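The values are calculated or read from the model by the stated rules, or taken from the named source; none is laboratory data. None of these values were measured; they are calculated from a predicted model. As a convention, Cβ positions derive from the backbone with ideal geometry for all residues, glycine included, and neighbour counts pool all protein chains shown.
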Amino acid sequence: MDLEDIAKHYEKMSDSQFINLITTRGSGLRPEVYDLINNEINKRNLNPKLFDSIEVQNKEFSIEEIENYAELLRNLPCPECGSIDQKLNGTIIYKVKSFILFSINNTDYVIACSQCLNKKNNKAMLSTSLLGWWGFPWGFFKTPLYIYRNYKIKKENKWNVPNNALLSFTFENIGKIEAYKDNKQKLINIIKL
C-alpha cells in the first residue's frame, strides 16, 4: 500500500480500532508510516503516549527490560479475586474437549495470583480428564499431554519472580503495556483477557 492509501485506511477507523491497531500490531512498520500514525494521533486528540507503543513494538529488549514491564503487571490486584496480598504471575491453561470424531483444544493465558492460577489449572485438568478422551484419535493422545502440561506449568505459579508465562504474555502485549503504563485501570483490562 502507498502512504496515501494507508492514511485513508487510518481515517476510516474508529478511535478504538485505531488504538488497538497501533498498540498490538505496530511491529515491522515502515519508518514513513510512523509520521502518518503520529499525525492521526494528533488529529484525533488521542494521548501522545500511544505513539510510544509503536516504538516499543519495534525495539529489541533485554530480559531485564521485559521483567520491568512484567513488574507493572505483577503489582496490580488479582483480576480473579481482587486480592492485593500477592504479586501476580501467569499460567497457560490447556484444555481438550472431544466429541467422537473431533477434538477441540484451547490454550489460554491467565494472569492472576498464585491461588487463582492453581484453581484455573486444576479446573482445566479436571475438565480435560473428563471430556478430553472421547474424540478419535486425537482425544486419546492430547488428553494426557494437556493434563501433563497443566500440571507442569502449575509449578511456576508460586515463583517469586515473573514466570515464563507472564514474561511471554508481557512481551506479546508490550505495546499496550507501554501505552497504558501510567493507567492502572487500563493495565487491569489488559490482563483480564
Please go through the range 36-63 and pick out each residue that is loosely packed, with under 11 Cβ neighbours inside 10 Å and within 15 Å of ASP182 (Cβ to Cβ).
PRO48
Quick one: would you say SER114 is in contact with a Leu (Cβ under 9 Å, 6 or more places away or on another chain), farther than 30 Å from ASN75 by Cα, touching a residue at least 40 places away in the same chain (Cβ under 8 Å) and assigned by TED's automatic domain parsing to the domain that holds ILE147?
no
Within the range 123-155, track down each residue that is without any contact (Cβ under 8 Å) to a residue 12 or more places away in the chain and closer than 28 Å to ASN68 by Cβ.
LYS152, LYS155
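For LYS186, are the conditions met, namely being surrounded by fewer than 19 Cβ atoms within 10 Å (Cβ to Cβ), under 30 Å from ILE22 (Cα atoms) and modelled with pLDDT under 95?
Numbers: surrounded by fewer than 19 Cβ atoms within 10 Å (Cβ to Cβ): yes; under 30 Å from ILE22 (Cα atoms): yes; modelled with pLDDT under 95: yes.
Yes.
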From the options LYS158, LYS176, LYS95, residue that is in a helix (DSSP H, G or I) and either of a type in the set (Lys, Arg) or in contact (Cβ under 8 Å) with a residue 60 or more places away in the chain (or both):
LYS176
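Assigned to a helix (DSSP H, G or I) and within 12 Å of the chain's Cα centre (by Cα): does that describe ILE153? So that I can check it myself, show each step before the final result.
Working: assigned to a helix (DSSP H, G or I): yes; within 12 Å of the chain's Cα centre (by Cα): no.
Criteria not met by ILE153.
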So, in the range 1-35, how many residues would count as being among the polar types (S, T, N, Q), more than 18 Å from ASN183 (Cβ to Cβ) and without any contact (Cβ under 8 Å) to a residue 24 or more places away in the chain?
2
